[in-house]
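The values are calculated or read from the model by the stated rules, or taken from the named source; none is laboratory data. No experiment lies behind these values; they were computed from the predicted model shown. Cβ sites come from the backbone with ideal geometry, for glycine too, and all protein chains shown count toward neighbours. Quick note on the areas: whole protein, heavy atoms, side chains included, nothing else; ligands and nucleic acids left out. Shrake-Rupley method; radii C 1.70, N 1.55, O 1.52, S 1.80 Å.
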Amino acid sequence: EALPILDAAITKRTRLIGTYRLDALGNTALQDWLDNFQKTVNVGWFARGLSTWLNQMIDSTIHKGFAVGELVPSALVDGVDRLKIARANDFRFMRAEGSEHLEIGQMDGFDFRPVRLANQELIHYLAFILRDGHPQGISMLASLPFVTKVAMRILTAIDSTVWRVGDPTFYGTLKAGKGDTPASAQLTVTAYTGKISEAMVARKTGGIIDLGFGVGPEGDFVIRTLGADAKLMDISVPMRTVIEEIKSKVLLVNSDI
């Protein structure tokens with residue numbers, strides 16, 4: 001969510017799957033039905049198309065490590081009502097009762113234990129990079145938390161520096177003249193800085209305002225910028241190193257979806 005390159009990488013890899021066609025092997029009537037189904041099948045609550053469902057499955061698979069989809073039959077069980085995409089975090093793998101096979105279970109309302117899903121034959125499961133025999137798969141982003149934190153720390157530092165240097169605070173220094181007292185000098189400083197604030201507000205709204213300051217004999221009033229001597233750090237080398245680490249994982253990795 002913090003680095004756009006990661007979202008772009010997932011979207012890019014999803015699109016690389018490309019398009020496909022369901023082939024009825026010469027059966028014209030069946031081919032027309034398949035083409036129509038591929039384009040119009042409901043996906044979730046608002047989307048349509050088998051390609052949309054597949055792209056959402058792949059997106060979840062790359063992001064979370066695996067995806068769970070469901071084919072929902074029509075009320076009369078004579079067709080497909082819709083295809084659904086589930087939230088991967090809500091599912092666990094559990095051993096089937098009296099069997100060595102694994103089944104998919106959904107966490108209960110209290111997120112306490114997985115409950116076996118009925119009609120497992122209607123559940124579609126897709127995994128990304130199966131490792132160590134575990135069916136959950138591994139997210140493409142699994143090895144990037146530390147690298148991403150480094151990148152975010154650099155970007156946060158830049159943001160803070162830009163706020164401090166790019167939107168500066170002005171301050172005035174008054175050297176009291178002859179006849180001034182500490183109290184009168186303070187009143188003068190307050191009046192002058194108030195005028196500076198009015199001028200900055202006018203400039204932000206596109207207005208123009210002229211300022212004039214008067215000081216007593218041998219006195220002086222100087223306006224300075226707070227943090228004017230600060231410089232933006234050179235982050236080109238460390239940031240490039242971090243981005244290359246991220247690119248090597250999310251753009252060059254081979255998947256086995």
Using the alpha-carbon atoms, what tilt in degrees (0 to 90, nearest 10) does helix 182-204 show relative to the longest principal axis of the chain?
40 degrees
Taking the full set of protein chains and a 1.4 angstrom probe, give the accessible area of Tyr125 in square angstrom, rounded to the nearest 10.
80 Å²
Does anyone have the angle between helix 28-40 and the longest principal axis of the chain? Alpha-carbon axes, 0 to 90°, nearest 10?
30 degrees
Rounded accessible area of Lys195 (nearest 10 Å², 1.4 Å probe):
80 Å²
Two-decimal ratio, the stretch 58-168, of alpha-carbon radius of gyration to 2.2 N^0.38 Å:
1.57
Considering the chain as a Gaussian network with a 10 Å cut-off on Cα pairs, which listed residue, Val41, Val222, Val162, attains the greatest mean-square fluctuation?
Val222
Just reorder Ile5, Ile223 by solvent-accessible area, largest first, 1.4 Å probe, all chains present.
Ile223, Ile5
Nearest-ten-degree value, helix 50-64 long axis tilted from longest Cα axis of the chain
60 degrees
Suppose every K and R has +1 on its Cβ and every D and E has -1 on its Cβ; what is the size of the dipole of the stretch 48-140 about the Cα centre, in Debye to the nearest 20?
260 debye
Please state the charge dipole magnitude for the chain, taken about the Cα centre, from unit charges on C-beta atoms (+1 on K and R, -1 on D and E), reported in debye and rounded to the nearest 20.
600 debye
The chain: calculated mean residue ellipticity at 222 nm from DSSP helix runs of at least 4, using -39500 (n - 2.57):
-13000 deg cm²/dmol
Largest first, how would Leu174, Leu187 line up by accessible area (1.4 Å probe)?
Leu187, Leu174
Taking just the C-alpha trace of the stretch 134-203, give me its Rg and Dmax in Å.
25.2, 86
Along each principal axis, Cα extent of the chain, largest first, Å
102, 42, 39
Which value, in debye to the nearest 20, gives the size of the charge dipole of the stretch 1-40 about its Cα centre, when Lys and Arg are +1 and Asp and Glu are -1 at the Cβ?
140 debye
Computed over the chain: relative contact order in percent, which uses C-alpha pairs under 8 Å that are six or more apart
16 percent
Choose one of Ala2, Gly26, Leu54: the residue whose Cα lies farthest towards the positive end of the charge dipole of the stretch 1-82 (beta-carbon charges +1 Lys, Arg; -1 Asp, Glu; about the Cα centre).
Ala2
Nonlocal Lys pairs with alpha-carbon distance under 20 Å, the chain (8 or more apart, or different chains):
12
